[in-house]
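S.K.: Once you've had a glance at the structure underneath, I'll fire off some questions.
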Amino acid sequence: MNILSGGIALTTNENDCLLYMVPDAEAWVTSMIFEKARLRRDALISEWQPRLFADESVTELPANLDELATLILARSDYQTRAQKDAASDPVIPVSTANKDKYDAVSRSGSTVTLFGSGITIPDLSGNCILAYVQDLEDWVIGALMGQVNRGKKKLISQYRPIIMDDPSVFTMPATEDGLITMIVARDDYPKLGSN
């Protein structure tokens, strides 16, 4: 399964904020996806095990967790989160709130693209997440941008007092982007990914 086939473009400042939190952005995203897939696979098995035990047509269950999850996902009575929401009354539309917020930001000028060819994950991993998440790409973008925003807040809160106490600084930018650019250019700012 390949998601975000064109990659994920971040402004230079967004990338700097992300790298302030994690040393390798692509490794962090990949790790986060696989951990979410593992947790959702285990939740799927826990949710379905009583149903499988009660189903008289099921005479054997695989002893391997991935094979058990595959069996559940292949059942005719299994539905993804999006399918359940579409069948509910009232219908719950598929949320793309994170994609919409991401798309609303202009990323012209200096950008960094993570996963230029997209993110490839095993189908089982993606399908286990989709058992509980409406849209996988929307979830990944939300998690990534959440980490970017945490990095932005941490970076600004840690460096604003340093800048204010620096006798060589007479003014500072009045925008977050300007302030982040100023902070990253400082000699006392750690090199990217060293935090």
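Values in this text are rule-based calculations from the coordinates and carry no lab data. Quantities reported herein were computed from a predicted structural model and do not represent experimental measurements. A quick note on method: Cβ atoms are made from the backbone with ideal geometry, for glycine too, and the neighbour counts reach across all protein chains shown.
S.K.: Distance in nm between label sites at Arg150 and Thr70, each 7 Å beyond Cα in the beta-carbon direction?
M.R.: 3.3 nm
S.K.: With a cap of 11 neighbouring Cβ atoms within 10 Å, and only residues DSSP puts in a loop, list the trypsin sites (Lys or Arg not before Pro) found in the stretch 128-195. Let's see the in-between values first.
M.R.: Details: sites: Arg150, Lys152, Lys153, Lys154, Arg186, Lys191; in loops: Arg186, Lys191.
Those that pass, being in a loop and sparsely packed, are Lys191.
S.K.: Also, I was wondering about something else. Looking at the stretch 28-89, which GluC sites (Glu not before Pro) are DSSP coil and have at most 12 other C-beta atoms within 10 Å of their C-beta?
M.R.: Details: sites: Glu35, Glu47, Glu56, Glu60, Glu67; in loops: Glu56, Glu60.
When the GluC sites (Glu not before Pro) of the stretch 28-89 are filtered for loop state and at most 12 Cβ neighbours within 10 Å, Glu56, Glu60 remain.
S.K.: Calculate, for Ala63 and Ala185, the FRET efficiency according to 1/(1 + (r/R0)^6) with r their C-beta to C-beta distance and R0 41 Å; round to the nearest 0.05. Can you show the working numbers first?
M.R.: Working: r = 57 Å, r/R0 = 1.38.
Efficiency at R0 = 41 Å is approximately 0.15.
S.K.: Any idea how far apart Ser46 and Ala86 come out in nm if each label point goes 7 Å out from Cα toward Cβ?
M.R.: Going by the 7 Å Cα→Cβ label model, 2.8 nm.
S.K.: Once Rh for the stretch 107-149 is found with the Kirkwood sum over Cα pairs, what is the Stokes-Einstein diffusion coefficient at 37 °C and 0.692 mPa s, in µm²/s? Provide the component values of the computation, followed by the final result.
M.R.: Working: Rh = 12.1 Å.
D = 271 µm²/s.
S.K.: Efficiency by 1/(1 + (r/R0)^6): what FRET value for Tyr132 and Asp165, r their Cβ-Cβ distance, R0 = 35 Å, to the nearest 0.05? The partial results should precede the final answer.
M.R.: Details: r = 47 Å, r/R0 = 1.33.
Efficiency at R0 = 35 Å is approximately 0.15.
S.K.: Also, I was wondering about something else. Using a cut-off of 14 Å between beta-carbons, work out the net charge of the residues near Ser57 (Lys and Arg +1, Asp and Glu -1, Ser57 not included).
M.R.: Numbers: positive: Arg51, Arg75; negative: Asp55, Glu56, Glu60, Asp77.
In short, -2.
S.K.: Quick one, which of (1) 1.33; (2) 0.95; (3) 1.02 is the actual Cα Rg over 2.2 N^0.38 Å calculated for this model?
M.R.: Answer by label: (1).
S.K.: Can you tell me the 0 to 90 degree angle between the C-alpha axis of helix 12-21 and the longest principal axis of the chain, rounded to 10?
M.R.: Computed tilt is about 70 degrees.
S.K.: Looking at the chain, how many pairs of lysines come closer than 23 Å at the Cα, when each pair is eight or more places apart or spans two chains?
M.R.: Taking the Cα cut-off of 23 Å, the pair count is 12.
S.K.: Something else: Calculate how steeply helix 136-165 sits against the longest principal axis of the alpha-carbon atoms of the chain, using the helix alpha-carbon long axis, and give the answer as 0 to 90 degrees to the nearest 10.
M.R.: Taking the Cα atoms of the chain, the angle to 136-165 is about 30 degrees.
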